[in-house]
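Note sheet for the following structure.
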Amino acid sequence: MLAKPAAQFTLEEAQAEVEKLRKQLNQWRLEYYTKDAPTVTDNVYDDHYRDLQALEEAYPKLVTPDSPTQEVGDVINSDFAKVQHPIPMLSMGDVFSFEELSEWDARMQSNVGHPVDYNVELKIDGLALSLIYENGKLVQGSTRGDGNVGEDVTRNVLTIASVPKQLKQPLSLEVRGECYMPKAAFAKLNARQETEGGTPFANPRNAAAGSLRQLDAKVTAARELDTFIYTLIEPEQFNVTTQHEAIAFMQALGFTTNPSSEVAGDMQAIDTYIKKYTTDRDALPYGIDGIVLKVNDLALQAQLGNTVKVPRWEIAYKFPPEEAETVIHDIVWTVGRTGVVTPTAVMDPVQLAGTTVARATLHNADMIRDKDIRIGDTVMLHKAGDIIPEVSRVLVAKRPVDTPPAPIPEACPSCGQKLVHLDDEVALRCINPMCPAQVQEQLTHFASRNAMNIDGLGPKIVAQLQAKHLVKDVADLYHLTAADLAKLDKFKEKSINNLLSAINNSRQNSVERLIFGLGIRHVGGKAARILAEHFGDLDHLMTASQEAIADVPNIGPTIAEAIVTYFKAATVQKLITQLREADVNLRYTGPTKPVVKDSFVAGKTVVITGKFAEFSRPALTKQLEGLGAKVTGSVSKKTDLLIAGDAAGSKLAKAQSLNVPIMNETELLANLKD
Ligand SMILES: NC(=O)c1ccc[n+]([C@@H]2O[C@H](COP(=O)([O-])OP(=O)(O)OC[C@H]3O[C@@H](n4cnc5c(N)ncnc54)[C@H](O)[C@@H]3O)[C@@H](O)[C@H]2O)c1
Ligand SMILES: [Zn+2]
């Protein structure tokens, strides 16, 4: 990324930067196109390319015809015979987000003056191939080369099974498409390269290019290359008027075409297509790196034409990179709630599968040793399960000389106590119960919504409380005073009162919140609720045998063992005593129903009679019950209140005779309002 927006460069600065970028890009182009051995990922290349584009746009006079932005592919530097392409083989414009793609479509629509149908295709990750037929017979296969001159790879192409040597009609024509290596063949090839001591290919695209461009065609034959054909040159000769028809036409001649292309008339359909293949791409037997939009109407394509480098009528949308390269600046070790100490790599921020990533977990010391990850290393990242960024491998060739192995700590980074391995765990642990980092995590967990639900007690406040020595365990929370809280940053009367009352309210919680909040290993919110319901209070749980706990439906031996071990500890016994003394509820009070203490009918036995203007009888019954009334059907001495609507009959008379208080609808409405 440029140090500042391109427009803010002076001409001299821009010139220097442009030269630097061209030199770098040209080196990468040589490695990629000519040697089939890239040393950086495509997104690193693409980022630099975009920087160059931005500077050239800001200073058009810096554009030269030999800039990588103006040239297709690379100089040919191989032993193959050269062939001139009658019609140049161009590159393709690309965009990296759906927004950019929509803008491209909007520009297209405004250029042509109406909405446009596109043929949407998968962008196959291989290399472009031209095939020329005379009277139905394959006479030449060639690579793109620099776009005008390519390499003659006819002998190699003849070994590819999906390329027809003879067409189903004796036509003379040129088609173009993608030569690719299926994923399975790629895996097999790389495994063989490794056992035979060769260098594995960086990706299927380079493997395909490297395999097609073999001087010995027998080597190519063994590589299981495949093709998808997608371009018909001079289609007007064959009465074909759309890209979609062209594909069907070529398929009928015997070419292998990709089955996934479809015509889409609006961005919504294209969005659906992108989403489908963003998800499904892993399941395809070949690699794709994006999708391609092509104006479907071939006459319109011809009318739109090309720039020096790309057709104006097509655009590639590239998927977010699934792999990214970056540098590790530091490895930090953090202590979790249970004392496990985990390493995290701190890196130069990079784009990875659609998000910016600057940190990645390294899991444990074993992983650091196994992958030999060092501070200062250049690494490849991927997203495990498409969510968590992970280091997949170290690019050892890029390691600065004299880089020492990453230090593995022996002492807790928070409290300094010696770290241990419990049982046969790989994890390093701090087993100091007073360890400040652990206590901070425990307090934050205790206060969290699904635990004691103490609103306003987040990690920052907890850290301050610890730093000012106001709390060292969860029991201390219940002894905090207004004077204590006044010592915290920005704590004024209102915030002090809010936090104190949140802490105070948590005393009434049903005990499952406490059981979860204590942070016993393996005991999540659901297990805590089952245990609270089953044992009724904390004392019964604490004294229960391991077997008795394991017998509780949905609990099992692992949780049972963890609970018994937890409550055995003297520090835990003391903590529970302190919580009890602080009036924290230790009983299961059940899924609590709201108790209505004061309403005009709370606790009263009520009878309803007659008709009401505002209510149906069932609705009124429900409403009164909600206010704490017991609604019954007949008037007796026990009736506390009769609510009488219009046309009330015998019940009214009975209530009058028993001196039961009577309320009419108007009075009822007034009371309900209160
Ligand atoms: N890593 C590196 O060092 C390095 C160096 C140079 C280039 N590159 C990569 O190469 C890209 C530039 O290469 P490019 O100019 O060949 O462009 P491109 O590969 O991004 O796109 C054009 C090519 O897409 C292919 N293609 C696949 N499916 C297609 C379909 N359905 N319809 C039409 N074409 C289809 C064709 O071969 C066509 O030539 C860069 O974006 C970069 O990612 C990487
Ligand atoms: Zn510690």
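The values are calculated or read from the model by the stated rules, or taken from the named source; none is laboratory data. What you are looking at is a predicted structure, and each value in this text was computed from that prediction instead of being measured. FYI the Cβ positions are ideal-geometry reconstructions off the backbone, even for glycines, and counts take in every protein chain you see. When the accessible area is computed, the model is the full protein with side chains, heavy atoms only, and any ligands, DNA or RNA have been set aside. Shrake-Rupley method; radii C 1.70, N 1.55, O 1.52, S 1.80 Å.
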Going through 411, 397, 406 one at a time, which residue ends up being out of contact with any Ser or Thr (no Cβ under 6 Å at 6 or more places or on another chain) and either of a type in the set (Phe, Trp, Tyr) or within 16 Å of ligand 1 (Cβ to nearest atom) (or both)? 397
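Out of the strands (runs of 3 or more DSSP E) lying entirely within the range 212-328, which hold 3 or more residues that are open to solvent by 30 Å² or more (accessible area, probe 1.4 Å) and not aliphatic (A, V, I, L, M)?
Correct list: 226-232.
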Which residue pairs have Cβ atoms under 7 Å apart, sit 6 or more places apart or on different chains, and have a first residue in the range 81-104 that is without any contact (Cβ under 8 Å) to a residue 40 or more places away in the chain and in the same structural domain as residue 118 (by the TED database) and a second that is within 14 Å of ligand 1 (Cβ to nearest atom) and open to solvent by less than 60 Å² (accessible area, probe 1.4 Å)? none
Would it be correct to say that residue 43 is polar (S, T, N, Q), more than 16 Å from ligand 2 (Cβ to nearest atom), in contact with a strand residue (DSSP E or B) (Cβ under 9 Å, 6 or more places away or on another chain) and part of a helix (DSSP H, G or I)? yes
Scan the range 433-455 for residues that are at pLDDT 90 or above, open to solvent by 10 Å² or more (accessible area, probe 1.4 Å) and in a loop (DSSP other than H, G, I, E, B) and jot them down. 448, 453, 455
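Tell me yes or no: at least one residue of the range 373-380 is closer than 24 Å to residue 39 by Cβ, among the hydroxyl-bearing types (Ser, Thr, Tyr) and in a loop (DSSP other than H, G, I, E, B).
The initial filter retains those residues of the range 373-380 that are closer than 24 Å to residue 39 by Cβ, namely 373-380.
Now narrow it down to the ones that are among the hydroxyl-bearing types (Ser, Thr, Tyr): 378.
If we keep only those that are in a loop (DSSP other than H, G, I, E, B) too, we end up with none.
Among the residues of the range 373-380, not one is closer than 24 Å to residue 39 by Cβ, among the hydroxyl-bearing types (Ser, Thr, Tyr) and in a loop (DSSP other than H, G, I, E, B), which makes the answer no.
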Counting residues that are touching a helix residue (DSSP H, G or I) at 6+ places or on another chain (Cβ under 8 Å) and not aromatic (Phe, Trp, Tyr), which strands (runs of 3 or more DSSP E) fully inside the range 563-674 reach at least 3? 605-609, 641-644
Could you say whether any residue in the range 123-140 is more than 16 Å from ligand 2 (Cβ to nearest atom), touching a helix residue (DSSP H, G or I) at 6+ places or on another chain (Cβ under 6 Å) and of a type in the set (Val, Ile, Thr)? no
Looking only at residues in the range 431-445 that are among the hydrophobic types (A, V, I, L, M, F, W, C) and closer than 22 Å to residue 460 by Cα, which one is nearest to ligand 1 (Cβ to nearest atom)? 437
Checked the range 632-674 for anything in contact with an Asp or Glu (Cβ under 9 Å, 6 or more places away or on another chain), hydrophobic (A, V, I, L, M, F, W, C) and open to solvent by 50 Å² or more (accessible area, probe 1.4 Å); matches are 669
Could you check how many residues of the range 465-481 are open to solvent by 40 Å² or more (accessible area, probe 1.4 Å) and either of a type in the set (S, T, N, Q) or assigned to a helix (DSSP H, G or I) (or both)? 3
